[in-house]
1. Since residue 115 meets every condition but one in (1) more than 16 Å from ligand 1 (Cβ to nearest atom); (2) part of a loop (DSSP other than H, G, I, E, B), which condition does it not meet?
2. So which residues in segment 88-102 are among the β-branched types (Val, Ile, Thr) and away from ligand 2 (no atom under 16 Å from the Cβ)?
3. Give the residues of segment 26-46 that are away from ligand 1 (no atom under 11 Å from the Cβ) and outside any helix (DSSP H, G or I), sorted by residue number.
4. Considering every residue within segment 110-119, establish whether at least one is within 30 Å of residue 239 (Cβ to Cβ) and touching a residue at least 12 places away in the same chain (Cβ under 8 Å).
5. Kindly check whether there is at least one residue in segment 154-169 that is among the hydrophobic types (A, V, I, L, M, F, W, C) and either under 30 Å from residue 293 (Cα atoms) or touching a Pro at 6+ places or on another chain (Cβ under 9 Å) (or both).
6. If only one of 300, 325 is over 21 Å from residue 438 (Cα atoms) and either touching a Gly at 6+ places or on another chain (Cβ under 7 Å) or not assigned by TED's automatic domain parsing to the domain that holds residue 96 (or both), which one is it?
7. Failed condition for residue 375, given (1) buried (at least 22 other Cβ atoms within 10 Å of the Cβ); (2) under 17 Å from residue 77 (Cβ atoms), with all others met?
Amino acid sequence: MTVQLTQLKTAVETESEKLLGCIHCGLCLQACPTYLQLGNENDSPRGRILLMRSVVEGKLELENPKFERHIDLCLGCRACETACPAGVEYGHLLESTRAALVRHNVKEPDTLPKKVLRKALRELFPFPKKFSRVMALNRFLRDSGLLQFALWLKPLRNLMNKVSPQAEFATSLLLSTRPVFTKALGRRRQRKMLESVAVEDKTLNEKREVSVFTGCVMEGLFKHTNDATARVLVANGAFLVPVKAQVCCGALHAHAGELEIAKDLARKNIEAFENHYKSLVIINSAGCGAMLKEYGELLKDDEKYAPLAHEFSSRVRDVSEYLHKVGVREGAPIEQKVTYDAPCHLYHAQRITSAPQEVLKAAIPNLDFKPLDGMQDCCGGAGIYNLSEPEMSDKILTDKINKVKATGADLLMTANPGCHMHLGAGCRTKGADCKVVHVVEVLDESYRKAGYYNQESL
Ligand code: SF4
Ligand code: SF4
């Protein structure tokens, strides 16, 4: 299909000012993981912006396979935005470009993982019932011991790797979602547990109403983290208002160019939360949090939803951002040495750079915190990038895991499901003796040890 050169211009015309904002200074180059790996200007932020401009100006065809390749290889980590003195909003440019490529069918997904992922984004993630059935199957595989057995038995492992070179890594991704501390509780036990959480005297009279955005992958594979988040919030004086009709946030769709699906999901979430206008929306997944905070931008051309989206986005807080602001309660010491790897969508997209570490240091006495060199650099997970671009992803992950090993930490903390799974699989396959946990789970464990919870429920 021949694509008119003007089509990308149409798709990114609202972003043209952002394209022109780049002054080509190159300060973003050393922050870009793909440029550092490949040394190719076209795989740098400045290079990609120039390529986008060339398409808009008619000097380069949208259907040029090299153009798509350079765009595909971008992790969407947005480290270039943090480094950029001109405030270029690269993330929005990337999303618009990918949306143009998808809309005009420039190239269908060309590998099996890309085809499966595209199908899942369109036919699975937007449908909560279907999605939760697939998550239940994944939990069964994770918890039944079948996958551990397959990895343990060498002939079976070899067979898996013959079928797909990514099979062992993909299996490790799923296994890394197993809880390190407290398992997910059934609905009734968690409710009883929340009713019995000991709240500090000083917070009794100032309960703050909040709603938790539970997410799709978070609720499917990390319910133990969602449970821990709720307990920690209640222990810090929050009053939880449940919001039932919430759906997937649409972040993976926006990053993959499926902007129309992302917009539909955003509208559903805004409607789901509209009866709770007074409460803050607390989220523990960095990628979803960044998306929720950008609903205003995503729906800016939607006359009906634009003001609602801005209002909704203004109420969204990452859980560490919230606890940092209200003042976190002190728990008990934990024995393990810990380190922290910042999710790109917390550090670069939301610019929450130190709240997770500060909250932990304030709450956990004598915390043995080991700083991680390059903690703000992408781990290579980048949503579904680890499956769609395994080679580049693996190079970036290898660097990261070597740095994790150098810390000597027992626990590697992060705050995003994609990073959690990618780092967990990296530790497992690259020989790091380190378990991956969410920041809030460490806080929850400290509170459990401090006796704030009814231990029988756990
Ligand atoms: S988003 Fe990340 S990978 Fe993409 S250009 Fe920016 S720094 Fe490079
Ligand atoms: S730092 Fe900003 S202005 Fe400078 S080249 Fe990169 S994107 Fe352009």
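1. Condition (2) is where residue 115 drops out.
2. Selection gives 102 alone.
3. 26, 27, 39, 40
4. Within segment 110-119, none of the residues are within 30 Å of residue 239 (Cβ to Cβ) and touching a residue at least 12 places away in the same chain (Cβ under 8 Å).
5. yes
6. Only one candidate passes the filter, namely 300.
7. Exception for residue 375: condition (1).
Conditions tested, residue by residue: (1) within 16 Å of ligand 1 (Cβ to nearest atom); (2) over 23 Å from the mean Cα position of the chain (by Cα); (3) small (Gly, Ala, Ser).
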position	(1), (2), (3)
80	yes, no, no
91	yes, no, yes
95	yes, no, no
124	no, no, no
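The values are calculated or read from the model by the stated rules, or taken from the named source; none is laboratory data. Since this is a predicted model, take the numbers as computed values, not measurements. Every residue, glycine among them, receives a Cβ derived from its backbone with ideal geometry; neighbour counts consider all protein chains shown.
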